[in-house]
Every structure is written in structure tokens, then in C-alpha cells.
Amino acid sequence: MGCARVEGHCQRCEGELPFDITMAFQPIVDLDRREIHAYEALVRGPRGEPAGQVLERVTDELLYRFDQACRVRAIEQASRLGMRESLSINFLPNAVYEPEACIQATLDASRRVGWPLEKLIFEVVESEQITDREHLHDIVTAYRRMGFRVALDDFGTGYANLDLLTELTPDKLKLDRQLIQGCHTDPRRQALIDGMVAMARRLGIILIAEGVEEAGEARWLHQAGIPLQQGYFFARPALDALSADLAPAFAAVLDVSSPQSATS
């Protein structure tokens, strides 16, 4: 099956979805700077239905169109909301036939709303099994060559295994919630995370801890050398909105005198 893009149009990617989608935005924070580093765009139904319900409606025939629609919708909504931080967009490797061709709708949307391309991050969706690692390598290489940053999502469990790093050169790794949960009290998790911090430093890769739900987790991870974090402790995904003031969460992690940190 060849690329379906002809004279600037793609028969496989273009056209309206038979159902509506919107985006929720969850911040990735930088504890060193006490600020939001980026937002991840997460697909939702029009009334906030969870991603799982949306994905149930994505057939094989709609896969390419859905992937493109999510990218475009995320950029349009981020621009309308006045987002100034980087925007992290999930992508389906199996929905990218040819990287340079399949990125065109993303580029068109960015130009239309004035979104800076250097503020786009693409996350490889972990829940989708990588059936062709050479193809994924080509996508990551092409995206980085075009100036985008690439993150490997949910690293450490499922399909995102350590051996992927023998073939891929992502800019960022997002450590899975299964590794993060209770890390501040679990020596085994601490040993694994410490090893990943050392590995990432040697490879020049930035780590992000996702699924952070407690101040104790956030504090231990920060002390371990992972200032970039994401999770319910800081903010839940906000439907078509950006996060409110995160100063209390920062204080709970970083300020020893904070009442909340003293009880966490």
C-alpha cells in the first residue's frame, strides 16, 4: 500500500471523522523553574468522554484520518487558548505511512494559526505495538531532522521496552506510572529509576516522570534528578482549557516549611 497523497491531498488522511473529538490539556511541570514546561494534548469526546471510548470508534479505515485530526485539533485549540508553552501531541506510528508526507496537515495547521514548529513535541503512543521498528526509526529520524522533538511515552512497561533505545534516539523518555507509583517508599523502584537517570544522562535524553499523584513521589523524583513531571498531583487534564495556578503544588514539593509538604 503506497502513499495516498496526490497533488497535495491525501485520500487516506483527509475528510471529516464520523464522530466529534476535542482535546484536554495536562501540564508537564518543571520543578527546577517552578513553571509549566509543556502541555500534553489528550483526546476526549465532545462531552469529555474518556480517550478509551473515543478510540473504540477508530476503525482501521479511520486510523490515518483520526491521527491527523487529533494533531490538527490539538494545535488549533492550543492556539485559541493562548498556550505559550510547548505542545506535546501523541502519534500512532502505524498511522504514519511516509513521515514527510503525513506531516503536511500538521504543518498546514501550524502555519494557519501561527504555531511555532519548534514548540511541537511528538509522543510515540505506547499502547500501540510497534510492528515495524525500522519504520519507527525512520519516523523519529525524520521528525528530529525537521526540527521537532520526539518523546517515547510510558517507558519501562508494555511495548516501550529498553531495547528500543538500541535503535531509536528520542529527545525525551516518559517513565511509566508503574515505575513512579510509591517510588518515595520503595527501594526497588528507586534503584530502577536511579539506573534510568544515569542511563539518560549518558545518552543525552531528558526524563519525564508521568503519573505523579503524591507530593512524596514528586519530591523524591526531583531529588533523584527528574525535575520534569506530570500527573494528577499537579493537575488533571482540563477539557479545552489550560491549568490554573500550580504554585501551591510547587510549594508542597519544594518548600520544606509548606504545611502540605509536612503532612505528605
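The values are calculated or read from the model by the stated rules, or taken from the named source; none is laboratory data. Not measured: the values here are computed from a predicted model. Methodologically, a virtual Cβ is constructed for each residue, glycine included, from the backbone with ideal geometry; neighbour enumeration extends over all protein chains shown. When the accessible area is computed, the model is the full protein with side chains, heavy atoms only, and any ligands, DNA or RNA have been set aside. Shrake-Rupley method; radii C 1.70, N 1.55, O 1.52, S 1.80 Å.
Among the listed values (1) 62, 39, 32; (2) 82, 40, 34; (3) 47, 42, 33, the one computed from these coordinates for Cα extents along the principal axes in Å is (1). Would you compute, from DSSP H runs of 4+ residues alone, the mean residue ellipticity of the chain at 222 nm, taking -39500 (n - 2.57) per run and dividing by the full residue count, rounded to the nearest 500? Computed ellipticity for the chain at 222 nm equals -10000 deg cm²/dmol. Tally Lys/Arg at +1 and Asp/Glu at -1 over every other residue whose Cβ is under 13 Å from the Cβ of Pro248; what's the total? That sum, taken over residues with Cβ under 13 Å, equals -1.
Computed over the chain, relative contact order equals 19 percent, with contacts defined as Cα pairs under 8 Å that lie 6+ residues apart.
Helix 133-145: angle to the longest alpha-carbon principal axis of the chain, degrees 0 to 90, nearest 10? Here the helix axis deviates by roughly 80 degrees.
Relative to the dominant Cα principal axis of the chain, helix 104-113 is inclined by about 70°.
Mean separation of Cα pairs under 8 Å and 6 or more residues apart, divided by the residue count, gives segment 173-264 a relative contact order of 26 percent.
Considering only beta bridges that DSSP places wholly inside the chain, some 40 percent are antiparallel.
Comparing Leu162, Leu117, Leu239 in a Gaussian network model of the chain where C-alpha atoms under 10 Å apart are linked, the largest mean-square fluctuation is found at Leu162. On segment 142-243, 49 percent of the accessible area sits on carbon and sulfur atoms, based on a 1.4 Å probe. Roughly how tilted is helix 215-224, in degrees to the nearest 10 and between 0 and 90, from the longest Cα axis of the chain? Relative to the chain, helix 215-224 is tipped by roughly 90 degrees. Solvent-accessible surface of the chain, taken per residue with a 1.4 Å probe and all protein chains present: 48 Å². For segment 13-102, the fraction of 1.4 Å probe accessible surface lying on carbon and sulfur atoms is 44 percent.
Scoring 59-66, 220-227 by mean Cβ neighbours within 10 Å over their residues and listing the highest first yields 220-227, 59-66. Remark: relative contact order (segment 98-210) = 22 percent; criterion is Cα-Cα distance under 8 angstrom and separation of 6 or more residues. Springs between Cα atoms under 10 Å define the GNM used for the chain, and in it the highest mean-square fluctuation of Val113, Val124, Val212 occurs at Val113.
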